[in-house]
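Structure record follows, encoded as structure tokens.
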Amino acid sequence: MLNNSDYKNKKVLVLGLAKSGVSAAKLLHRLGALVTVNDKQKFDDNKDAQALLDEGVTVITGSHPVELLDEGFSLMVKNPGIPYSNPMVVRAQQLGIPVITEPELAYSVSDSTWVGVTGSNGKTTTTTLIG
């Protein structure tokens, strides 16, 4: 991993936990970002949110309150499963807050060579040939 100070002391909102959101929040926290996570699942049913709170991450659960974006975030990291039409994402873009997904976050701190494979057909074959 790169010695990346780009995120130090930046307010970052991680929208949607799932597995990749948890990892993104932990990475950003380790890099010194001021991390807030927001997940629609209620806190009592959300072990990931509970664990992140124990690590010192700000946790907001149960809904996606658009007014949360008024807190001056420098970046939003959204779960790939959340569409760009989501009101939180739309509002972030209106406010000029950059919106990225977890793969872009990983790429920004990685010193590895990356190859992206997209498309509807042939990804498994192409990935196998690249490997």
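Structure values in brief
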item	result
At R0 = 35 Å, FRET efficiency that the Cβ-Cβ distance of Y107 and D44 yields, to 0.05	0.50
Label-point separation in nm, T126 to W114, each point 7 Å along Cα→Cβ	1.6 nm
Fully extended contour minus Cα-Cα distance, from V66 to S5, at 0.36 nm per residue	19.1 nm
Dipole of the chain, positive direction: furthest Cα of F43, P103, I82, with charges on the beta-carbon	P103
Average projection area in nm² (convex hull over Cα atoms of the chain, one quarter of hull surface)	9.1 nm²
Size of electric dipole in the chain: Cβ of Lys, Arg +1 and of Asp, Glu -1, about Cα centre, debye, nearest 20	220 debye
Separation between Cα centres of the range 104-126 and the range 54-98, rounded to whole Å	25 Å
Net +/- balance of residues flanking V99 in space, Cβ distance below 15 Å, scoring K and R +1, D and E -1	+2
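Bear in mind that the values in this text are calculations on the coordinates, not laboratory data. Just so it is clear, the structure is predicted and the values come from calculations on it, not from any experiment. Note that each Cβ is placed from the backbone with ideal geometry, even for glycine, and that neighbours are counted across all protein chains shown.
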